[in-house]
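Reviewing the structure listed below.
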Amino acid sequence: MTIKLVISDVDGTLVTKEKALLPSTVEAVHKLHARGIGFSICSSRPPFGLRMMIGPLQLKLPIGGYNAGAIVETDFTVVEQKSIPPDIARQAVDIFHQNGIDCWVFVGDEWVVTNRHGAHVDHEIHTINTAPTVVPAFDDSHFRAVGKIVGPSDDYDLVARVEHTLREVLAGRVTAARSQPYYCDVTPPGIDKGRIVEVLAARLGLAANEIAVLGDMENDLQMFAKAGFSIAMGNGADAVKAAASATTGSNEDGGWAAAIERYVLAG
C-alpha cells in the first residue's frame, strides 16, 4: 500500500484537548510534505476556525469546514459550499430548544448565539479563536445561509438522544452527527466528511487505496468509508475504533505522529 494523501480530523485527533498542535504532529506533517504526500484537514469547525492551522502545517490543498459542507482553498476561496434551507434550519433550532439546549447558528462568517454564558461557549471561543455575535433571539436573517447548527450540552446522553431525534424528524433534510460527546452538529443534507475525500481524490487523480484518514468521532465514519485506510485515535469512540483499519495512541500522547510514522511514512 502506497499512501499519497492523508486527510485528518482536527479536534480530538490532530490537536490536544487544549487545541494545541504537538511538535511531533507538526514534524510528521512536514515529513509528509517532504515525501510528496498530500495533506489536508476536515473539521466540524467553520472554515474561519481552521485558519490557525494553515501556517504551522504549511497547508496547500483545499480544507473542509462544517464537516465538508464548506470546502475552501487555503486563501478561503470557496471550492464548494452548501447551506441548510431556512425553514429546516429553524426546525432544527426548535428541536434543540424543545430539549433544553441553547444552540448556536453559524451563518456566513458569523457565529451567532443567544446565550453568551451557555454550555461550551468559552470553549468554542478558545477553539476557533473567534467571539460569537450575541442576539436576544434568532430571526430570519440568521437562517438565510446556515452552514452549521450546533447543540452543546454536558449531558452526553441528551446530546445522543437529540441527535437521534433530529435524524428521525428531519430525515433526508439535514445531516446530524456528534463531533464531540458534548456537541451535536447539524449540517446540510447529503453532506458529510466523505465529501472531502471525494473532492481531493478527484483533484489529485487518486484511488481510494491511496488515501489514509484519521479521526476519533462518529462524524469521521463517512470519511473512513471513502478512504482506503482509516486510523482511529486511541481516545476515539468505540464505534470509530471498530470501523478503522488501525488504531493509534491518543491525541494527548503523540498518537497522531506515531500513526503517520507507522502506517504512512514506513509504507
Is there a quick way to get the dipole size of the stretch 86-187? I mean about its Cα centre, with the Cβ of Lys and Arg at +1 and of Asp and Glu at -1; what is the value in debye to the nearest 20?
220 debye
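With 10 angstrom as the radius, rank Ser141, Ser83, Ser245 by how many other C-beta atoms surround their C-beta, starting from the fewest.
Listing Ser141, Ser83, Ser245 from fewest to most nearby Cβ atoms yields Ser141, Ser245, Ser83.
Taking each pair of different alpha-carbon atoms in the stretch 86-187 once, compute 1/r for the pair, average those values, and report the inverse of that mean as the Kirkwood hydrodynamic radius in Å to one decimal.
13.4 Å is the Kirkwood radius here.
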Positive-pole candidate from Ala232, Gly100, Thr175, dipole of the chain, charges at beta carbon
Ala232
In whole Å, what three semi-axes, largest first, describe the equivalent ellipsoid of the chain built from its Cα gyration tensor (square root of 5 times each eigenvalue)?
30, 18, 18
From Cα coordinates alone, what are the radius of gyration and Dmax values for the stretch 45-111 in angstrom?
14.3, 43
Label points 7 Å out from Cα along the Cβ direction at Thr165 and Glu80: separation in nm?
3.1 nm
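Arrange the following residues from fewest to most other Cβ atoms within 10 Å of their Cβ: Tyr183, Tyr66.
Tyr183, Tyr66
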Scalar couplings 3J(HN,Hα) for the stretch 5-20 by Karplus 6.51 cos²θ - 1.76 cosθ + 1.60 (θ = phi - 60°), nearest whole Hz, x for Gly and Pro, are 8, 10, 10, 10, 5, 10, 6, x, 10, 7, 10, 7, 4, 7, 6, 9
Take every DSSP beta bridge whose two residues both sit in the chain, then give the antiparallel share in percent to the nearest 5.
55 percent
Computed FRET value (nearest 0.05) for Thr2 with Ala137, which takes r as the C-beta separation and R₀ as 51 Å:
0.40
Using the Cα centre as the reference, give the magnitude of the dipole from point charges on the C-beta atoms of the chain (Lys, Arg: +1; Asp, Glu: -1; all else neutral), rounded to the nearest 20 debye.
800 debye
Under the 0.36 nm per residue contour assumption, what length would be gained going from the current alpha-carbon distance of Thr247 and Arg203 to full extension?
13.0 nm
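Identify the GluC sites (Glu not before Pro) of the stretch 1-86 meeting these criteria: DSSP loop state and at most 12 other C-beta atoms within 10 Å of the C-beta.
For GluC sites (Glu not before Pro) across the stretch 1-86 that sit outside H, G, I, E and B with at most 12 neighbouring Cβ atoms in 10 Å, the list reads Glu18.
Taken together, the values in this text are just the output of simple stated rules run on the coordinates, not laboratory data. Not measured: the values here are computed from a predicted model. Heads up, the Cβs are rebuilt from the backbone with ideal geometry, glycines too, and the neighbour counts pull from every protein chain shown.
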